[in-house]
Amino acid sequence: MTEPTVHVPAVAEPMFHSNPRRRKDVLWLVLPAALGVLAGVIWWLLAPGGLNLVSGNPDLASAANPVSWLPRDLVLAALMLLAGCATGVMLDGKLQGDGAGRRLAFALIGGAVGAVVAWLVGLLAAQLWGPAPDPALGPGFGFTLRSYAVLVLWPAAIAFITFVLALFGVLSKKPVK
């Protein structure tokens with residue numbers, strides 16, 4: 001005997017919809033990394049050994065000149081501090097409510113990635129638009145970064161500005177009587 005086939009209507013399972021706020025939080029990771037490209041090009045334009053727009057000193061124009069190494073690192077350090085402070089100020093109003101820790105973590109990671117991207121884009125800009133390095137001097141005498149601690153300044157500035165703004169926010173609230 002054949003049994004009748006029972007057709008049970010399929011129950012639609014709820015589709016996984018990502019929270020739009022979580023998608024916006026990912027921007028704190030992506031935008032600093034994208035801004036690292038701009039910072040890298042600006043570093044090459046301003047720094048001694050690059051286009052040297054800050055000093056204009058012809059003695060510092062050569063990337064092989066050891067006197068240009070510190071100012072080159074300081075130009076990138078200033079760009080990292082500026083980017084970190086700007087990111088921290090923009091993050092200030094976004095640290096209340098659900099996902100505040102996630103936004104802060106994304107901003108810190110994005111700042112670190114942005115700093116590394118800025119460094120690598122600056123090196124690439126030097127290879128594309130700068131003079132060819134002198135092979136007799138060796139690989140350490142081109143447009144390079146001497147102090148890798150500069151790369152920590154972007155996320156450190158984000159953390160510091162976030163801390164200071166949060167501290168001022170707590171201290172400015174009037175006590176309840």
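Exactly one condition in (1) modelled with pLDDT under 95; (2) closer than 18 Å to Val26 by Cα; (3) assigned to a helix (DSSP H, G or I); (4) open to solvent by 50 Å² or more (accessible area, probe 1.4 Å) is false for Phe163; which is it?
(2)
How many residues does the stretch 48-77 hold that are within 22 Å of the chain's Cα centre (by Cα) and surrounded by fewer than 16 Cβ atoms within 10 Å (Cβ to Cβ)?
Summing the residues that are within 22 Å of the chain's Cα centre (by Cα) and surrounded by fewer than 16 Cβ atoms within 10 Å (Cβ to Cβ) in the stretch 48-77 gives 2.
Of a type outside the set (Lys, Arg), under 15 Å from Ile42 (Cβ atoms), at pLDDT below 95 and out of contact with any Lys or Arg (no Cβ under 9 Å at 6 or more places or on another chain): does that describe Gly130?
So Gly130 passes the test.
Among the listed residues Leu45, Leu27, which satisfies the condition of being under 30 Å from Ala126 (Cβ atoms), within 18 Å of the chain's Cα centre (by Cα) and at pLDDT 90 or above?
Leu27
Could you please tell me which pairs satisfy a Cβ distance under 7 Å, a separation of 6+ or placement on different chains, a first residue in the stretch 163-177 that is within 18 Å of Leu108 (Cβ to Cβ), and a second residue that is modelled with pLDDT under 85 and outside any helix (DSSP H, G or I)?
Ala166/Leu95
Kindly provide the set of residues from the stretch 92-117 that are without any contact (Cβ under 8 Å) to a residue 40 or more places away in the chain and either at positive phi or outside any helix (DSSP H, G or I) (or both), ordered by number.
Answer for the stretch 92-117, where residues must be without any contact (Cβ under 8 Å) to a residue 40 or more places away in the chain and either at positive phi or outside any helix (DSSP H, G or I) (or both): Gln96, Gly97.
Only residues that are of a type in the set (A, V, I, L, M) and either open to solvent by less than 50 Å² (accessible area, probe 1.4 Å) or in contact (Cβ under 8 Å) with a residue 24 or more places away in the chain (or both): list them for the stretch 131-160, please.
Leu137, Leu145, Val150, Leu151, Val152, Leu153, Ala156, Ala157, Ile158, Ala159
The values are calculated or read from the model by the stated rules, or taken from the named source; none is laboratory data. Because the structure is predicted, anything quoted here is derived from the model rather than measured. In this analysis, Cβ positions are derived from the backbone assuming ideal geometry, glycine residues included, and neighbour counts consider all displayed protein chains. Heads up: the accessible areas ignore ligands, DNA and RNA and are worked out on the full protein's heavy atoms, side chains in. Shrake-Rupley method; radii C 1.70, N 1.55, O 1.52, S 1.80 Å.
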